[in-house]
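No lab work stands behind these numbers, since they all come straight from the coordinates. Quick caveat, the model's predicted, so the values are computed rather than measured. Please note: Cβ atoms are built from the backbone with ideal geometry, for glycine as well, and neighbour counts cover all protein chains shown.
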Amino acid sequence: MTAVSSVLRVKAYIDRLYRDSHYAGMKTKRSLQRLLLCVAGGAVLAGCASVATRLPGITLPALVKERASQEQLAFAEMDRLHTRLWDVAYPVLRDNAELCPKTRPDIGAVTYSLKTFPKDMREAAARELGAKDTPTIRRIIKGGQAQKAGLKVGDAFLDVRGIPMTATSKAMRAMLEDGPAKIAVRRGENTFDVTLTPREICDYGVKLSMSSTVNAYASGKTLILTSGMMNFTQSDDELALIVAHELAHNTMGHIRKIVGNMILSGFATRYTREFESEADYVGLYYLVRAGYSPDKTPAFWQRMALNGPRSVGRAKTHPTYPDRFLRLEAGLAEIKAKQALGQPLKPNFIDADK
């Protein structure tokens with residue numbers, strides 16, 4: 001069978017699959033055509049170097065079914081991690097608004113749309129999470145105004161024109177800037193009003209990156225944690241420590257300072273270790289102010305040392321793990337002394353007016 005005839009036969013098979021309502025509901029014709037391109041590419045390369053064994057054959061229906069199954073599992077895990085991340089991160093953002101240079105009014109709801117997801121994930125996001133072209137509520141934060149108002153996942157906030165808006169849009173912020181506001185909500189075919197009383201939180205986004213790498217980072221506007229980092233943490237206290245650390249990078253302007261230092265040095269140095277130590281220190285205050293226990297957080301860096309032994313005795317962009325462990329212990333002692341004296345829980349800024 002020639003490569004061309006192979007492709008034509010597979011194309012005809014895909015057309016039959018698409019006409020079947022079961023597969024039409026699972027995949028669009030475009031997705032199935034991508035599979036055709038793979039088959040076509042394999043046929044063209046058949047004359048090139050190949051494997052030396054007879055691989056077990058698989059059928060296209062089985063491949064389509066297995067892909068859908070794995071996407072379902074992947075999105076369920078993504079949803080679980082996203083829920084945990086926001087449940088842990090929200091108190092850190094809420095209870096440290098006083099120390100954040102940027103704040104916004106918030107009502108305890110996270111919205112999303114299909115554009116929230118990468119293009120190659122949008123079909124599955126629509127199927128598995130019910131994502132739509134317009135923004136709807138994806139997450140209801142525990143104890144927030146949205147939960148108290150009885151809002152549900154899938155509800156849509158409407159602006160004054162009746163158009164769905166995100167929970168952090170300019171239109172929503174304008175409605176909430178003067179305190180309690182009556183907001184129109186669409187649920188299915190029904191529309192109703194709810195009165196929401198906002199509270200100020202730190203104005204930084206929180207994002208989940210589905211990557212097995214144990215990592216977290218800040219962009220100046222957003223906190224990003226990988227699924228690998230979330231699964232590495234053994235408690236909400238540890239996860240809150242990472243969130244607070246990345247929040248400190250943003251509030252202390254570290255990204256801007258690092259870029260400035262790189263430019264001044266002719267890109268000869270990144271000069272980041274002291275900023276990492278400061279994020280550990282300031283983040284520890286954020287952690288405690290949000291009601292999380294800091295007692296076991298220094299030991300987190302001992303476990304990190306097991307995950308990356310080279311950083312035990314080698315400082316590159318980050319301090320060594322022993323350095324971080326000891327500084328966190330010292331910071332914890334400082335916080336407990338302030339608590340015992342009834343002093344405000346604020347980091348010891350060089351500029352005392354901060």
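Results, tabulated for the structure shown:
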item	result
Ranking of 51, 259, 64 by count of other Cβ atoms within 10 Å, fewest first	51, 259, 64
Taking 163, 258, 350, 201 and counting other C-beta atoms within 10 Å, the order from fewest to most	350, 163, 258, 201
The range 180-273: GluC sites (Glu not before Pro) falling in loop per DSSP and having at most 15 other Cβ within 10 Å	189
Cα gyration tensor shape for the range 84-214, rounded if a/c is under 1.5, else prolate or oblate	oblate
Filter on 102/152; 142/336; 115/152; 102/336; 170/221 - keep pairs with C-alpha separation over 25 Å	102/152; 142/336; 102/336
Counting DSSP beta bridges with both ends in the range 205-341, the antiparallel % (nearest 5)	40 percent
Cα-based Rg of the range 205-341 normalised by 2.2 N^0.38 Å, two decimals	1.04
Rounded, prolate or oblate (a/c below 1.5 giving rounded, otherwise prolate when a/b exceeds b/c) for the range 49-108 by Cα gyration tensor	prolate
HN-Hα J in Hz across the range 190-206 - Karplus 6.51, -1.76, 1.60, θ = phi - 60°, x for Gly and Pro	9, 10, 8, 9, 10, 9, 10, 9, x, 9, 6, 9, 4, 8, 9, x, 10
